[in-house]
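The values are calculated or read from the model by the stated rules, or taken from the named source; none is laboratory data. Fair warning: this is a prediction, and the values are worked out from it, not measured in the lab. Positions of Cβ are backbone-derived with ideal geometry, glycine not excepted, and every protein chain shown enters the neighbour counts.
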Amino acid sequence: MKLSLMVLAGLLQIVIVAGTISGASAADEITTIPTDEHHVVELNSNQPYVAGFHVNTRDLCTREVVDAVAITACIESAEGDAFPEDAWLGGGMFVQAQDSRFLHIDYGFYMMLVKDASGRLFVDLGLIQTREFSAPIQAPPDELVYAYTWQLLASDSPTSVTLSASWDPEGTVHYSISTGQSNTALASINVPSLPNCENIIKKFYAGNTVVNHFPFSRYVNYFQFGVISSRILPDTQWTVSLRNPRILRTGRFMVDKTSTQRGEKGWVTVDEAWTVQGDSSYLDSDWMWGGKPYYGVDAHATYDPGEGLAEVLFSYTGSTVDPGTALWLRENGNPPLLGPPEAPQLSLGIFVASEVCLSLCLLLVYAKLRERGRSGEAADLLSGNN
């Protein structure tokens, strides 16, 4: 996936601030240096991915709009020189936004802490615009709108970095990082001013929804937090800590396409989270973060609301965490009211095959009716007119 001209068009709208975080202890000091060494997240690809996702209601049918998302990431016990050459490992947050005009256009935002094969630390952020399938047959494109990277020069390692992305009313997304008590701005990007992004809804989405009809049903999990890499990185004993995934609630929730106001607003830590693998990590009805399960990676979570701690450790152990595993739940020790997702999570190949079969059937019907001299009726059938 290549950077498009959209990046060049958006440069005038971007303010990048590079500097040193000051006013913190020596262990918290980080210098940020802009770089072109991007670590781009791909969709429906061979990049391995595993994540937790925010659960609003256990039927996975309640979504909401939020003004901001944040998470604290730390790549622990990872010796970069043990990675294959040119490999990288990232941990962070992956969130969706939608279009106000076109139903089948969506936006995937990512922000992550990255370690490469040389042991260097980076922060990467980006935006991908997606377009979903349309019948009878059409390849759905995705486009990288922008990608930016900063190398982090830390005085101590490992370093915990809080990643934050927030909307303002004018449609600018403000990206920042913090360590300790200090904060530094990375970029402020006015998304609606970028080509083909003028209709974006100026909010992130969180929660979940079910899309498509059986047997093509699948779950879309809007706010995910997990790990991704350029390839599976085995036998390196790495661990990525993702702590306190948070959303800035607006109080607007949607259940079965009906908007309701529930009153809760402000910053909240995700209070229920389950796991998802890269072959079902949908951000809309067609597109998945990464695209490949992260075989060999397990997840261990700690949840203590009294102490303000919600943390998941993703580690390469040789064991693979099952999708739908509860990382933490709202009730202490109580199982979910509804079990893990049971709707078929069809692969992209099966979905394409079904579309092809449907299109061939329609063409056969058209051909048969033409043989009987009823092309007008066939045209009405295909167009949906009666």
Single residue of segment 289-317 satisfying the filter (without any contact (Cβ under 8 Å) to a residue 24 or more places away in the chain and either farther than 14 Å from GLY52 by Cβ or touching a Pro at 6+ places or on another chain (Cβ under 6 Å) (or both)) that is surrounded by the fewest Cβ atoms within 10 Å (Cβ to Cβ): GLY306
Residue in segment 106-119 that is aliphatic (A, V, I, L, M), over 19 Å from ASP235 (Cα atoms) and out of contact with any strand residue (DSSP E or B) (no Cβ under 6 Å at 6 or more places or on another chain) present: no
Residue match in segment 205-220 (condition: of a type outside the set (Phe, Trp, Tyr), touching a Gly at 6+ places or on another chain (Cβ under 7 Å) and either in a loop (DSSP other than H, G, I, E, B) or closer than 15 Å to ASP298 by Cβ (or both)): no
Qualifying residue in segment 106-118 (condition: over 14 Å from TYR222 (Cα atoms), in a loop (DSSP other than H, G, I, E, B) and of a type outside the set (Val, Ile, Thr)): yes
From the options ARG218, ARG243, residue that is charged (D, E, K, R), within 26 Å of GLU272 (Cα to Cα) and modelled with pLDDT of 95 or more: ARG243
Residue check, ASP286 surrounded by 20 or more Cβ atoms within 10 Å (Cβ to Cβ) and at pLDDT below 95: yes
Output for segment 310-349, where each listed residue is among the small types (Gly, Ala, Ser) and modelled with pLDDT under 50: GLY333, GLY339, ALA343, SER347, GLY349
Criterion: more than 20 Å from the chain's Cα centre (by Cα), over 26 Å from TYR295 (Cα atoms), in the same structural domain as SER281 (by TED's automatic domain parsing) and not aromatic (Phe, Trp, Tyr) - qualifying residue of ASN212, ASN183: ASN183
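Conditions (1) in a strand (DSSP E or B); (2) assigned by TED's automatic domain parsing to the domain that holds THR325; (3) modelled with pLDDT under 90, marked per residue:
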residue: ALA9; (1), (2), (3): no, yes, yes
residue: ILE33; (1), (2), (3): yes, yes, no
residue: VAL41; (1), (2), (3): no, yes, no
residue: PHE53; (1), (2), (3): yes, yes, no
residue: ASP59; (1), (2), (3): no, yes, yes
residue: ALA73; (1), (2), (3): yes, yes, no
